[in-house]
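Notes follow the structure.
Bear in mind these aren't lab numbers, they're just calculated from the coordinates by the rules spelled out. Computed from a prediction, not measured in an experiment: that's the story for all the values here. Every residue, glycine among them, receives a Cβ derived from its backbone with ideal geometry; neighbour counts consider all protein chains shown.
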Amino acid sequence: MRIDIITIFPDYFAPLDLSLIGKARRAGLIDVRLHDLRRWTYDRHHTVDDTPYGGGPGMVMKPEPWGEALDAVTADADGAVPRLILPTPSGRPFTQRDAVRLAEEPWLVFACGRYEGIDARVAVDAARRMPVEEISIGDYVLNGGEVATLVVVEAVSRLLPGVLGNAESAAQDSFSPGTMDHLVEGPVYTKPAVWRGHEVPPVLLSGHHGAVDRWRRDEALRKTARNRPDLIDRLDPDQLDKRDREV
Ligand SMILES: Nc1ccc2ncsc2c1
């Protein structure tokens, strides 16, 4: 997968050189390219923003640098077209299903907005040439799209073949479509079996895989009911067996 990121803070993405994503980049599994938006400005101050039409607080990112940046970054000799991701608080909530879907894409471009956002015409103009998605990572205040882009890039990249050491662990993650869909993971434990007087639940030491699987699902249901009652309501009743209903 090719991932292009356009931003006024390229240094924000140093974390993409680390850990599993960094290893995948060096192995050629992911081709991440960073682009400083100010490269497409021509005034002395490399201006990327201006006051909003209609008045109001803050500044809006100008369309011209974005238009030129997207033209340059998405130009491809073979005619390939990327999917443009616009991280924004007004976007559709990003979920694991979106991560799974986007992991199938060969090429993603992320436009990291700052200030009050990017002039709306940029997305309209881009949509003439490529699919455009507005994605939100949650209902809280951030200063821009860079952190959200890091979140989405990690959620998507870890699903690519060869990136995770043990692919199965991705399948057991919270929210993974299938067995864990709409459930969060329950508690996890490792050695020692007793730590500061706290014992690991005996079933996990029993070697009885059926009982372990059942215990883990029970705990996932309990934790989901406690922390994410909104997800419980979305559970497919057919997914729940009799025991589930007793938890
Ligand atoms: N403030 C805020 C909240 C969510 C979000 N998602 C993508 S950019 C962004 C910015």
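Ranked highest first by average number of other Cβ atoms within 10 Å, how do 38-51, 12-25, 183-196 line up?
Put in order of decreasing packing, that is 12-25, 38-51, 183-196.
Using alpha carbons only, how many degrees (0 to 90, rounded to 10) separate the axis of helix 146-157 from the longest principal axis of the chain?
Roughly 50 degrees between the two axes.
Could you tell me the largest-minus-smallest coordinate of the C-alpha atoms of the stretch 20-141 on each of the three principal axes, in descending order and whole angstroms?
So the three principal-axis extents are 46, 35, 29 Å.
How much length would be gained if the chain were fully extended between ARG222 and THR47, taking 0.36 nm per residue of separation minus their Cα-Cα distance, in nm to one decimal?
57.8 nm
By how many degrees, between 0 and 90 and to the nearest 10, does the Cα long axis of helix 63-74 differ from the longest principal axis of the chain?
Roughly 60 degrees between the two axes.
Sum -39500 (n - 2.57) across every DSSP H segment of at least 4 residues in the chain, then divide by the residue count to get the 222 nm mean residue ellipticity, nearest 500.
-9000 deg cm²/dmol
Under 14 Å from the Cβ of THR7, count the other residues' Cβ atoms, weight Lys and Arg +1, Asp and Glu -1, and hand me the total.
That works out to -1.
What list of whole percents do you get for P(r) of the chain, with Cα-Cα distances grouped in 5 Å bins up to the one holding the largest distance?
1, 5, 11, 14, 15, 13, 11, 10, 7, 5, 4, 3, 1, 0
Modelled label-to-label distance, VAL212 and ILE232, 7 Å Cα→beta-carbon offset: nm?
For VAL212 paired with ILE232, the spin-label model returns 2.8 nm.
So how strong a dipole does the chain carry about its Cα centre when Lys and Arg Cβ are +1 and Asp and Glu Cβ are -1, to the nearest 20 debye?
Dipole size: approximately 700 debye.
Could you work out the relative contact order of the chain, using alpha carbon pairs under 8 angstrom and six or more residues apart, expressed as a whole percent?
After rounding, I find 18 percent.
For helix 209-227, report the angle its Cα long axis makes with the longest principal axis of the Cα atoms of the chain; keep it between 0 and 90° and round to the nearest 10°.
50
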